[in-house]
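*Asks:* Have a look at this one before I ask anything.
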Amino acid sequence: MKEASNGDVGGSSPMIDPFGRAVTYLRLSVTDRCDFRCTYCMAENMTFLPKRDLLTLEELNRLCMAFIAKGVTKIRLTGGEPLVRKDLMSLVRALGKQVGTGLQELTLTTNGSQLARFAAELYESGVRRINVSLDTLDPEKFRRITRWGDYSRVMDGIDAAQRAGLNVKLNTVALKGVNDQEIPNILRFAHGRGMDLTIIETMPMGDLDEDRTDRYLPLSKVRADLENQFTLRDIAYETGGPARYVEIAETNGRLGLITPMTHNFCERCNRVRITCTGTLYMCLGQNDAAELRTVLRSQNDQLLGAAIDEAIARKPKGHDFVIDRARNRPSVPRHMSVTGG
Ligand code: SAM
Ligand code: SF4
């Protein structure tokens, strides 16, 4: 991949939003495609974007360089499933070279299916930590939740990642009547293998073919259940993200809780999201966005920087997720696989 400059992007001014929050974290969805069809994330017969609408890997790299020049210190690659994007490693290698020169961390969120193939290369390219999504330890249930996923491949992927030296954090979506009974075991599994665990409430995003009000499980309930078996202690640990952390005395491990539906975490928001077509979303839970593809393709770094500044000036104070129970409609019509969670 050609080296992209991170020169003078719109004066390279740092991105401070109208509420005084510095934007330092970019989540980049490199594809909307996926080799799984998790029931809470996608319909089984999803229609994906035509490939010609996607930014090339070179363009994604240039976009990242523009954001690094404007103060982004952490980039997370996500999707869809990032590791199904053809030749993704060329982007990972290019961005990996920036780690330590403005960029502090390059990371990735994955379903784990392709990790056995790519773990070592991720590490060699400069990635040190990854998130792997895992909602159950039961292979049958794993198939039901992911529809197309193979549990043993994901386990092999986690093994390979740890062998390669990657620090793995597990993400589990709490699903009422599906994995609520299992969360203590997932916690023991994660902490037993030296992995942090974060539990996430389901968010109402995108039309699906199942009733999401049925699956919504507030984390206050998960926490109360865990307290029957474990000693939880709130800790001040911070990653600049939405998770609140507790320490579990019995496992000596850390548990993150992300509660978009019951807790407003927006006041500390430091992030923006970009889709694989170059749409910049200033908030996961709002619809306002800025299209950067045309200005990116104009090859004019000043204009690109100005377009980013103009978008950051519109970053909203917070989100407003609600499940519209009467119509079972999501409050945000795009799927999580578009903006990458
Ligand atoms: N495919 C990768 C994966 O599954 O990790 C990366 C993309 S996925 C959209 C990112 C995260 O979003 C995953 O942890 C997934 O469980 C979560 N997610 C997807 N849909 C969600 C929803 N409706 N509510 C809460 N989390 C969701
Ligand atoms: Fe794919 Fe991740 Fe969505 Fe599951 S959660 S369908 S693995 S993008």
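*Asks:* Treating cross-link reach as a plain straight distance, find the lysines whose alpha-carbon is under 22 Å from the alpha-carbon of Lys86, omitting any fewer than eight places away in the same chain.
*Replies:* Lys2, Lys51, Lys97
*Asks:* Please compute the net charge surrounding Ala307, taking Lys and Arg as +1 and Asp and Glu as -1 over other residues with Cβ under 11 Å from its Cβ. Numbers along the way, then the final one.
*Replies:* Values: positive: Arg293; negative: Glu291, Asp301, Asp309, Glu310.
It works out to a net charge of -3.
*Asks:* If you don't mind, there's one more thing I want to ask. Give me the percent of accessible area attributable to carbon and sulfur for segment 10-339, probe 1.4 angstrom. Working shown, then result.
*Replies:* Values: 6680 of 13750 Å².
Ligands and nucleic acids excluded, carbon and sulfur reach 49 percent.
*Asks:* Membrane-span-like helices in the chain: DSSP H runs reaching 15 Å or more (Cα, own axis), mean Kyte hydropathy at least 0.0?
*Replies:* Details: long enough: 57-69 (18 Å, 0.90); 151-164 (20 Å, -0.43); 301-312 (16 Å, 0.63).
Those that pass (Cα extent of 15 Å or more, hydropathy at least 0.0) are 57-69, 301-312.
*Asks:* May I ask what percent, to the nearest 5, of DSSP beta bridges between residues of the chain are antiparallel? Please list the in-between numbers first.
*Replies:* On the way: 17 of 50 bridges.
DSSP beta bridges in the chain are roughly 35 percent antiparallel.
*Asks:* Work out how far the C-alpha atoms of segment 18-155 reach from end to end along every principal axis, then list the three figures in whole Å, largest first.
*Replies:* In descending order, the Cα extents are 46, 33, 30 Å.
*Asks:* Hey, how many Å between the Cα centroid of segment 160-175 and the Cα centroid of segment 39-109?
*Replies:* Centre-to-centre (Cα) distance: 19 Å.
*Asks:* Please report, in Å, the Rg and the Dmax of segment 96-154, where both are computed over Cα atoms only.
*Replies:* 14.3, 45
*Asks:* Given the options Met155, Thr202, Thr109, identify the residue whose Cα lies farthest towards the positive end of the charge dipole of the chain (+1 on Cβ of Lys, Arg; -1 on Cβ of Asp, Glu).
*Replies:* Thr109
*Asks:* Next question. Working from the alpha-carbon coordinates of segment 81-210, get Rg over Rh, Rh being the Kirkwood radius. Mind showing how you got there, number by number?
*Replies:* On the way: Rg = 15.4 Å, Rh = 15.6 Å.
Ratio of gyration radius to Kirkwood radius for segment 81-210: 0.99.
*Asks:* Further question on the same structure: In debye, nearest 20: dipole of segment 10-339 around its Cα centre with unit charges on the Cβ of K, R (+) and D, E (-)? Write down the numbers at each step before the final one.
*Replies:* On the way: 46 positive and 41 negative charges, 97 e Å.
With Lys and Arg at +1 and Asp and Glu at -1, about 460 debye.
*Asks:* Considering only Cα-Cα distances, which of the following residue pairs are longer than 21 Å: Lys141/Lys176; Lys74/Lys169; Lys74/Lys221? Don't skip to the answer; put the middle values down first.
*Replies:* Details: Lys141/Lys176 13 Å; Lys74/Lys169 16 Å; Lys74/Lys221 32 Å.
Among Lys141/Lys176; Lys74/Lys169; Lys74/Lys221, the Cα-Cα distance tops 21 Å for Lys74/Lys221.
*Asks:* Now, a different point. Mind telling me which of Ile186, Ile235, Ile199 comes out most flexible in a GNM of the chain, alpha-carbon contacts under 10 Å?
*Replies:* Maximum fluctuation in the GNM of the chain, among the listed residues, is at Ile235.
*Asks:* Compute the Kirkwood hydrodynamic radius of the chain, taking the inverse of the mean of 1/r over all pairs of distinct Cα atoms, and give it in Å to one decimal. Before the final figure, lay out each step's value.
*Replies:* Details: mean 1/r = 0.0490 Å⁻¹.
In the chain this quantity evaluates to 20.4 Å.
*Asks:* Moving on. Just name one of Phe19, Thr73, Asn287: the one whose Cα is farthest towards the positive end of the charge dipole of segment 10-339 (beta-carbon charges, Lys/Arg +1, Asp/Glu -1).
*Replies:* Thr73
*Asks:* While we're here: Tell me the Kirkwood hydrodynamic radius of segment 147-205 in angstroms, computed as one over the mean inverse distance between distinct C-alpha pairs.
*Replies:* Numbers: mean 1/r = 0.0785 Å⁻¹.
Taking the inverse mean of 1/r over all distinct Cα pairs, segment 147-205 comes out at 12.7 Å.
*Asks:* Any aspartates and glutamates with Cα under 13 Å of the Lys315 Cα? List them, leaving off those in the same chain fewer than 8 positions away.
*Replies:* Filter leaves Asp17, Glu267, Asp288.
*Asks:* I've got another one for you. So what is the accessible area of the chain per residue, in Å², with the probe set to 1.4 Å?
*Replies:* 42
The values are calculated or read from the model by the stated rules, or taken from the named source; none is laboratory data. Quantities reported herein were computed from a predicted structural model and do not represent experimental measurements. Ideal geometry is used to build each Cβ from the backbone, glycine not excepted, and the neighbour counts take in all protein chains shown. What goes into the accessible areas is simple: the full protein's heavy atoms, side chains included, and nothing from ligands, DNA or RNA. Shrake-Rupley method; radii C 1.70, N 1.55, O 1.52, S 1.80 Å.
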